[in-house]
Amino acid sequence: MSTVLSTTGSGPHAKKLIITHEGEHHGDYSDISLKVTRATVIFTLCAALNSCNLGYDIGVSTNAGSLIQRDLGLTDIQRELFVGSLNFWSIFGSLFSHWICDVYGRRKSFQVAALAFIIGLIIMACANGFAVLMLGRFFVGLGVGFGLAIDPLYIAEVSPAAHRGELVTWSEMAINVGIVLGFFSGIVFYNVNDNLEWRLMFAMGCILPVVMIILSRTVMVESPRWLVSKGQEEQAKEILRKVYPEGFDVNPVAQDIKEALERERIAEQQIGWNVILFPTRAIKRMLIVGVGTAVAQQAVGIDAIQYYLIDVLDESGITSEKAQLGVLMLLGILKLFFIVVGSKLLDRRGRRPLLFVSLVGMCGACILTSFSFFGKNKNKSTFAIVGLSLYLSFFSVGMGPGAWLIPSEVFATSIRAKAMSIATFFNRITATLMASTFLSTANAIGWGPFFIMLASISVVVLVFVCCMLPETKGRSLEDMSLYFAELTGDDSILEAERKVINDRERAGGVEMTPTPQEALSSTGEAA
């Protein structure tokens, strides 16, 4: 019977894993590329549609923010509160998402998110004052929080490891599709008077959540990993057979899921129930990487810039409403195009290289944009358009899709839902601070220095990525805990793995394919 651990050297951290590898399961060492099945594409598209709701709100709020301010007589601070409150209320949605995900499953979580969107959008469309407007924002925020935590998690759990990078980024693509649709709504209702225009724009947003509820009840399947955690292993295998190509043996994949849950349960018992509050070295590294990446996505200022694109264009000298709408559509389509490019490259080039390119490019783009606000530059608007185009393009290549892909894949199975909600929580906290202070900060220190500040933040995030983020391309979700255990020398995870192996051997479990290292070792022993 082959093993998955070898011991070299001496001391408590001498154990080294030889099983952490790229592959669909522990015994998979082949280089054969799996094709994405039709069912996987359908499930991913359905989940990604939920992300369109968030994107649509960003796009609509960019257009409608100034219309609402004029129509309801809001102050700049009230407008900032209106924009930033979405991210604030989404914090509570993210906090409750893990409980609903773990107890009721992923499908019902999508329905809860969609229902919250519908309620919130209807209230906002009917609002005649700031208080009612903020009440609608509360429900939309809950839906956003649920969606941000659920979408990448679900896609990661129904995707083969070989294609997970590209498929999870469909969620980010969908956000940008929603943004473009939100920008387009401003063109559709351009000739309608201000009082009715922004209301129709919000009301139109109810279409996607209704479709989402129908799809979650009729088309989508439950996550196989959630089913295994509830003891429904046969149902999980049925779904895995849809996810993987015909003829692929899903039994080792299901066994990996089951063993990963058991391994993490054993490790959790060693330190009590507070596995996240008092994590082992491996879990702590997972949390730093996953939560840190989610925070970094908003720290670079993406949501704040998108919400206030009209103001940035106005300050740079582009004051025509038609010209502003044209630039918004151009930026939205450009951002969507590079999201597609990034999704293709994440599985081919890896996570780290794409994030490096993204952050360096964003830094340069912010510096270029700042030139449009210094002195009496005749090309102010050109610098602004080119700078913003480069910023959104470089963000979309790496930080956009990567910031949700990485948390969805690095967290251990037993803590994935909870950890994703924590990552979403801090992502939304950061987004709230950035969006709620954008106008005030830019007006206080100047628009030029403000973009220089964003460039500096990109440099800080680049250092974080260089120091903390390991390459996770192609690794199965169940292999992550072992991978991080090896990186950190976490004995609790390693001992849990040893116990799982021993229990399987005593029970006469499935023999695993020897690794290349094991084959060499056994050859040497035979000699």
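The values are calculated or read from the model by the stated rules, or taken from the named source; none is laboratory data. Just so it is clear, the model here is predicted, and its values are computed rather than measured. Ideal geometry is used to build each Cβ from the backbone, glycine not excepted, and the neighbour counts take in all protein chains shown. Keep in mind that these areas ignore ligands, DNA and RNA; they rest on the heavy atoms of the full protein, side chains included. Shrake-Rupley method; radii C 1.70, N 1.55, O 1.52, S 1.80 Å.
Specify which of the listed residues (G350, G364) is more than 21 Å from I175 (Cβ to Cβ) and in contact with a Lys or Arg (Cβ under 9 Å, 6 or more places away or on another chain). Steps first, answer last, please.
On the way: G364 fails: in contact with a Lys or Arg (Cβ under 9 Å, 6 or more places away or on another chain).
The unique qualifying residue is G350.
Yes/no matrix, rows are residues, columns are (1) under 27 Å from the mean Cα position of the chain (by Cα); (2) open to solvent by 20 Å² or more (accessible area, probe 1.4 Å); (3) farther than 22 Å from L354 by Cα:
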site	(1), (2), (3)
I276	yes, yes, yes
A282	yes, no, yes
L287	yes, yes, no
T293	yes, no, no
D303	yes, no, no
L309	yes, no, yes
L313	no, no, yes
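Taking L142 as the residue in question, decide whether it is part of a helix (DSSP H, G or I), buried (at least 24 other Cβ atoms within 10 Å of the Cβ) and either more than 20 Å from the chain's Cα centre (by Cα) or touching a residue at least 40 places away in the same chain (Cβ under 8 Å) (or both).
Numbers: part of a helix (DSSP H, G or I): yes; buried (at least 24 other Cβ atoms within 10 Å of the Cβ): yes; either more than 20 Å from the chain's Cα centre (by Cα) or touching a residue at least 40 places away in the same chain (Cβ under 8 Å) (or both): yes.
In short, yes.
Would you check if S396 is closer than 22 Å to L336 by Cα, in contact with an Asp or Glu (Cβ under 9 Å, 6 or more places away or on another chain) and modelled with pLDDT of 85 or more?
Against the criterion (closer than 22 Å to L336 by Cα, in contact with an Asp or Glu (Cβ under 9 Å, 6 or more places away or on another chain) and modelled with pLDDT of 85 or more), S396 qualifies.
Taking Y190 as meeting all but one of (1) open to solvent by 60 Å² or more (accessible area, probe 1.4 Å); (2) out of contact with any Lys or Arg (no Cβ under 9 Å at 6 or more places or on another chain); (3) not in a helix (DSSP H, G or I), write down the number of the exception.
Here Y190 clears every test but (2).
With respect to the numbered conditions (1) touching a Cys at 6+ places or on another chain (Cβ under 6 Å); (2) outside any helix (DSSP H, G or I); (3) among the aliphatic types (A, V, I, L, M), which one is the sole condition not fulfilled by V221?
For V221, the failing item is (1).
Quick test for you: out of K473, K418, pick the one residue that is modelled with pLDDT under 85, outside any helix (DSSP H, G or I), over 17 Å from G301 (Cβ atoms) and open to solvent by 10 Å² or more (accessible area, probe 1.4 Å).
One residue alone meets the criteria, K473.
Quick check on F426: is it open to solvent by 10 Å² or more (accessible area, probe 1.4 Å) and within 30 Å of R106 (Cα to Cα)?
On the way: open to solvent by 10 Å² or more (accessible area, probe 1.4 Å): yes; within 30 Å of R106 (Cα to Cα): yes.
Yes.
So how many residues does the stretch 53-85 have that are in a helix (DSSP H, G or I), hydrophobic (A, V, I, L, M, F, W, C) and closer than 25 Å to N191 by Cα?
Going residue by residue through the stretch 53-85, those that are in a helix (DSSP H, G or I) are 53-72, 76-85.
Adding the requirement that they be hydrophobic (A, V, I, L, M, F, W, C) leaves 54, 58, 60, 64, 67-68, 72, 77, 81-83.
Those left that are additionally closer than 25 Å to N191 by Cα: 58, 60, 64, 67-68, 72, 82-83.
Number satisfying all stated conditions: 8.
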